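Q: Structure in structure tokens, see below.
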Amino acid sequence: MVSMAKRNKQNGKRSFEAEKSTLQTAKKPRISVDSSDEEYDEPMKAPSDLGSEDEDELDELDDVDEQEADGSDQEEGEGGLEDSEGEEEGDVKEQDNDTEGKHKEQRKLLRERKQSRKGGTQVQQIKSLWEKLRVKNAPIPRAERQELSDQVWELSKDCISDLVLKHDASRVVQTLVKYSSKERREQIVDALKGKFYLLATSAYGKYLLVKLLHYGSRKSRQTIIDELHGCLRKLMRHREGAYVVEDLYVLYASNEQKQQMIREFWGSEYAVFRDDHQGLTIEKACESSVEKRTIISKNLLGTISASVEKGSTGFQILHAAMRQFVHIANDKEIEELIEILHESFAELVHTPEGSEVACTLIARTNAKERKQIIRSLRDHTEALIKNEYGTAAFITLLFCVDDTVLVHKTFGPSIRENMKEFLVHKYGRRPFLYLLVGLDSKYFNPHVIGEFNKYIKLSEATSKKPFLQRRHELLGKFAPEFLQTVLENYSGILSENLGCQFISELLVNDEVYEVLKEKDQQLFQDVVDSIAITFKGDITEEDHPIHHPFSVRLLKALIQGGKWNNKEKRFEPLEKVPCLGVKFAQKFYDEIIDSSNLLDWINNPDSSFTIVALFESLLGKKEGKQFFGDFKKIKNKIQTDDSNKGANLLLRLVKEKGV
DNA sequence: CACATTGTGAGCCG
DNA sequence: CGGCTCACAATGTGCG
């Protein structure tokens, strides 16, 4: 799957999805064939398994690694037929390696068997043609390629269904598909009608099937999808088949088809009479009767649990199925799902749907299960928090879990380790912004807020503490760590827009200051001073922070000592933080600007607004004595340049306030 | 919060 | 069929 997605990324247009799917499935174990494993799939064994096994190739169970390499795709390149002959021999040898004579006999037998096999003679010819066709290093002219592929087609069209399940011959057909016209691709699809299930469950055929989907026309895709409909549950439980289904779902199915695919997991009724249920949602389906809901949820859970056990927790189709499941599940079933997922919980959270499942589970379950979930996420803290969807699950933990000590103890170490990256990271900073300001619409879009509110509502039944208390407890633990991180890395954080914003929320914040212990209040002061000092120096220097708009906004907020509430169109001053506002303004003027630079700061359009802020903050205050004294001396030297809006505003204020 | 910008997906035409 | 344009949504930025 990983490899398939990669291929699509290279060749296809839908690179976005391909990439996503790589991300989610990256951790999944690769396909490893293990003959003993194939059987306890489902009561009914896929007929195709029998078919492919008895007909040919003992070697099918060998050289899987090589096959994997094929899939990982250097464009059906390297590796090749030569060794396939060798493999077969090797296989025979293994069964009987005593006597050379017996061995020879076997070899002869094998050759004969090969020749007598349906289309055996053609296979040899086709292979030699393919050898020419697949060469990659020396590009062959279009016309010649055309001719070669025509020849291959002529030879193979009558026995194509026998070719496609075999290790090497299937690759011949893959190449053929790649270099064929769309008409021929449709012919190939037609020739394989009725065999797609076989293909999907074949270790070799599945790659061809994926290629057909990729290069095929809309009609071809529809043909294949139609044929696989009804077998999806069986396929999901199949080692090879599951990958095909996932690829189909992620890359090729339309929205409607996706819905239909999931509906099959509800039960046979929905798999067989699919047209009767167009557009049916799971909630509607479960409304009709209690029995129905029970059956649907049982079936869904069956498919989910089988797939998770197979190690397919990262599949998107499974996330979608789980999402529907949690929408209808009762409390007991929710716990069953957590039980099934236990260790694999981290593989869920990186997709939108998986994250929704994770959040819902977190919100609905009890303290004991939450503890389990926290444990299983612990080793993925960094990836969890930096991922757009993972971070939502983490935030859900923050606002649901009563045991804030556990949360801080579990995640604290790796958070401290990565804190300076988190604070300037688009998604990584979100959990911490939540701790600072709650679910502010400035940082969370309406949809996300809506989702969170849903989980908050759900958690009301399972969480005991008042909602705000959890945030404040966590804030008390994390706030000193924020300050420490900023103190140690302020220049790096200040150079980033997102970092400035974070610092602003951290410092211009009554709640934060209130939870600080005495020694941490000193830390707070140190942070404020460090930031002020970065503005010292010649403002005509290009890299002075005054030319960085976000740093200036932070500075302004510190001088004003409050936030602008745009909703109510008014300024909200801080009440609990003593060292900001007037105090800060005075100190900043005395220590950073002073009389020698005041005029320069006013005449520079990047810094003039800072002076406006000082002016307003210090007006009528005893702390402003020095500032206004100096100001009067130079106010006649202010340049009235139209491009310096701050300076003009300042002059207007002088008139209005009468300084 | 409101505006502008950017990237994405769906529909259309050559 | 493939390339294009258009419209929308999500995201970033600026503002009193």
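Q: Do we have A:Leu458 as assigned to a helix (DSSP H, G or I), farther than 24 Å from A:Leu506 by Cβ, away from DNA strand B (no atom under 16 Å from the Cβ) and modelled with pLDDT of 95 or more here?
A: The answer is yes for A:Leu458.
Q: Would you be able to tell me the number of residues in segment A:242-256 that are in a helix (DSSP H, G or I) and within 16 Å of DNA strand C (Cβ to nearest atom)?
A: Residues flagged as in a helix (DSSP H, G or I) and within 16 Å of DNA strand C (Cβ to nearest atom) within segment A:242-256 amount to 3.
Q: A:Ser608 - would you say it is without any contact (Cβ under 8 Å) to a residue 60 or more places away in the chain, buried (at least 19 other Cβ atoms within 10 Å of the Cβ) and in contact with a Lys or Arg (Cβ under 8 Å, 6 or more places away or on another chain)? So that I can check it myself, show each step before the final result.
A: Numbers: without any contact (Cβ under 8 Å) to a residue 60 or more places away in the chain: yes; buried (at least 19 other Cβ atoms within 10 Å of the Cβ): yes; in contact with a Lys or Arg (Cβ under 8 Å, 6 or more places away or on another chain): yes.
Here the answer is yes, as A:Ser608 does meet what is asked.
Q: Quick one: count up the residues across segment A:225-257 that are among the β-branched types (Val, Ile, Thr), buried (at least 24 other Cβ atoms within 10 Å of the Cβ) and free of Cβ contacts under 8 Å to residues at least 60 places away in the same chain.
A: Number satisfying all stated conditions: 1.
Q: Still on this model: Kindly indicate which of A:Ile374, A:Ile362, A:Ile338, A:Ile385 is in contact with a Phe, Trp or Tyr (Cβ under 7 Å, 6 or more places away or on another chain) and in a helix (DSSP H, G or I).
A: On the way: A:Ile374 fails: in contact with a Phe, Trp or Tyr (Cβ under 7 Å, 6 or more places away or on another chain); A:Ile362 fails: in contact with a Phe, Trp or Tyr (Cβ under 7 Å, 6 or more places away or on another chain); A:Ile338 fails: in contact with a Phe, Trp or Tyr (Cβ under 7 Å, 6 or more places away or on another chain).
None of the others qualify; the one that does is A:Ile385.
Q: Which ranges mark the helices (runs of 4 or more DSSP H) fully within segment A:506-599 that have 3 or more residues being within 24 Å of A:Leu423 (Cβ to Cβ)? Talk me through it step by step, then tell me what you get.
A: Details: elements: A:510-515, A:518-533, A:549-560, A:582-588.
Counting at least 3 such residues, we get A:510-515, A:518-533, A:549-560.
Q: To continue, here is another question. Which condition from (1) in a helix (DSSP H, G or I); (2) crowded, with 22+ Cβ neighbours inside 10 Å is the one that A:Gly428 breaks?
A: Result: A:Gly428 fails condition (1) only.
Q: Do the conditions hold for A:Leu423, that is, is it among the aliphatic types (A, V, I, L, M), closer than 25 Å to A:Ile533 by Cα, buried (at least 19 other Cβ atoms within 10 Å of the Cβ) and touching a Gly at 6+ places or on another chain (Cβ under 9 Å)? Even if it seems obvious, please write down each step before you answer.
A: Numbers: among the aliphatic types (A, V, I, L, M): yes; closer than 25 Å to A:Ile533 by Cα: yes; buried (at least 19 other Cβ atoms within 10 Å of the Cβ): yes; touching a Gly at 6+ places or on another chain (Cβ under 9 Å): yes.
Yes: the conditions hold for A:Leu423.
Q: Next up: I'd like to verify a number: residues in segment A:499-514 that are surrounded by fewer than 18 Cβ atoms within 10 Å (Cβ to Cβ) and either over 36 Å from the mean Cα position of the chain (by Cα) or among the hydrophobic types (A, V, I, L, M, F, W, C) (or both), how many?
A: Number satisfying all stated conditions: 1.
Q: Further question on the same structure: Which one of A:Gly450, A:Gly492, A:Gly438 is more than 16 Å from DNA strand B (Cβ to nearest atom), surrounded by fewer than 16 Cβ atoms within 10 Å (Cβ to Cβ) and modelled with pLDDT under 95? Walk me through how you get there before you give the answer.
A: On the way: A:Gly450 fails: more than 16 Å from DNA strand B (Cβ to nearest atom); A:Gly438 fails: more than 16 Å from DNA strand B (Cβ to nearest atom).
Among A:Gly450, A:Gly492, A:Gly438, only A:Gly492 is more than 16 Å from DNA strand B (Cβ to nearest atom), surrounded by fewer than 16 Cβ atoms within 10 Å (Cβ to Cβ) and modelled with pLDDT under 95.
Q: Could you check how many residues of segment A:551-603 are of a type in the set (Ser, Thr, Tyr) and surrounded by fewer than 20 Cβ atoms within 10 Å (Cβ to Cβ)?
A: 2
Q: Taking the residues in segment A:375-392 that are of a type in the set (Gly, Ala, Ser) and in contact with a Leu (Cβ under 9 Å, 6 or more places away or on another chain) as candidates, determine which candidate is surrounded by the fewest Cβ atoms within 10 Å (Cβ to Cβ).
A: Among those residues, the one meeting the criterion is A:Ser376.
Q: Something else: Kindly check whether there is at least one residue in segment A:197-209 that is charged (D, E, K, R), under 28 Å from A:Asp150 (Cα atoms) and within 16 Å of DNA strand C (Cβ to nearest atom). Full working, then the answer.
A: Step one: of segment A:197-209, the residues charged (D, E, K, R) are A:206.
Filter again for under 28 Å from A:Asp150 (Cα atoms), leaving A:206.
Those still in the list that are within 16 Å of DNA strand C (Cβ to nearest atom) too: none.
Scanning segment A:197-209 turns up no residue that is charged (D, E, K, R), under 28 Å from A:Asp150 (Cα atoms) and within 16 Å of DNA strand C (Cβ to nearest atom).
Q: Here is a follow-up. With A:Gly624, A:Gly537 as the choices, which residue is away from DNA strand C (no atom under 16 Å from the Cβ), at pLDDT 90 or above and surrounded by fewer than 17 Cβ atoms within 10 Å (Cβ to Cβ)?
A: Answer to the selection: A:Gly537.
Q: Among the listed residues A:Leu192, A:Leu133, which satisfies the condition of being among the hydrophobic types (A, V, I, L, M, F, W, C), closer than 16 Å to A:Tyr215 by Cβ and modelled with pLDDT of 70 or more?
A: Numbers: A:Leu133 fails: modelled with pLDDT of 70 or more.
When all the criteria are applied, what remains is A:Leu192.
Q: Given the structure, is A:Gly230 in the same structural domain as A:Lys178 (by TED's automatic domain parsing), away from DNA strand B (no atom under 16 Å from the Cβ) and under 25 Å from the mean Cα position of the chain (by Cα)?
A: no
Q: To continue, here is another question. State yes or no: is A:Glu283 among the acidic types (Asp, Glu), touching a residue at least 24 places away in the same chain (Cβ under 8 Å) and surrounded by 14 or more Cβ atoms within 10 Å (Cβ to Cβ)?
A: When the stated conditions are applied, A:Glu283 does not pass them.
Q: Ok, one more. Being surrounded by 24 or more Cβ atoms within 10 Å (Cβ to Cβ) and closer than 17 Å to A:Val407 by Cα is the filter here; which residues of segment A:347-369 pass it?
A: A:Ala358, A:Cys359, A:Leu361, A:Ile362, A:Ala363
Q: Which condition number in (1) within 40 Å of the chain's Cα centre (by Cα); (2) within 16 Å of DNA strand C (Cβ to nearest atom); (3) more than 22 Å from A:Asp526 (Cα to Cα) is the one that A:Ser551 fails?
A: (3)
Q: Between a residue in segment A:151-172 that is without any contact (Cβ under 8 Å) to a residue 12 or more places away in the chain and any residue that is aliphatic (A, V, I, L, M), which pairs come within a Cβ distance under 8 Å, given they are 6 or more apart or on different chains?
A: Here the result reads none, with nothing in segment A:151-172 linked to a residue that is aliphatic (A, V, I, L, M).
Q: Can A:Lys206 be described as more than 16 Å from DNA strand B (Cβ to nearest atom), under 30 Å from A:Ile296 (Cα atoms), modelled with pLDDT of 80 or more and not in a loop (DSSP other than H, G, I, E, B)?
A: Spelling it out, A:Lys206 is indeed more than 16 Å from DNA strand B (Cβ to nearest atom), under 30 Å from A:Ile296 (Cα atoms), modelled with pLDDT of 80 or more and not in a loop (DSSP other than H, G, I, E, B).
Q: Quick one: what pairs do we get from segment A:528-543, first residue of a type in the set (Phe, Trp, Tyr), second part of a helix (DSSP H, G or I) and surrounded by 14 or more Cβ atoms within 10 Å (Cβ to Cβ), C-beta under 6 Å, 6+ apart or different chains?
A: A:Phe535/A:Pro545; A:Phe535/A:Ile592
Q: Just name the residue that is farthest from DNA strand C (Cβ to nearest atom) out of those in segment A:554-579 that are touching a strand residue (DSSP E or B) at 6+ places or on another chain (Cβ under 8 Å) and hydrophobic (A, V, I, L, M, F, W, C).
A: Among those that are touching a strand residue (DSSP E or B) at 6+ places or on another chain (Cβ under 8 Å) and hydrophobic (A, V, I, L, M, F, W, C), it is A:Leu574.
Q: May I pose another question? Being within 22 Å of A:Pro545 (Cβ to Cβ), assigned to a loop (DSSP other than H, G, I, E, B), without any contact (Cβ under 8 Å) to a residue 60 or more places away in the chain and not acidic (Asp, Glu) is the requirement here; does A:Ser617 meet it?
A: When the stated conditions are applied, A:Ser617 does not pass them.
Q: Moving to a separate point now. Can you name the condition, by its number, that A:Phe550 falls short on among (1) farther than 21 Å from A:Asn603 by Cα; (2) within 16 Å of DNA strand B (Cβ to nearest atom)?
A: (1)
The values are calculated or read from the model by the stated rules, or taken from the named source; none is laboratory data. Being a predicted model, the structure only gives us computed values, none of them experimental. Methodologically, a virtual Cβ is constructed for each residue, glycine included, from the backbone with ideal geometry; neighbour enumeration extends over all protein chains shown.
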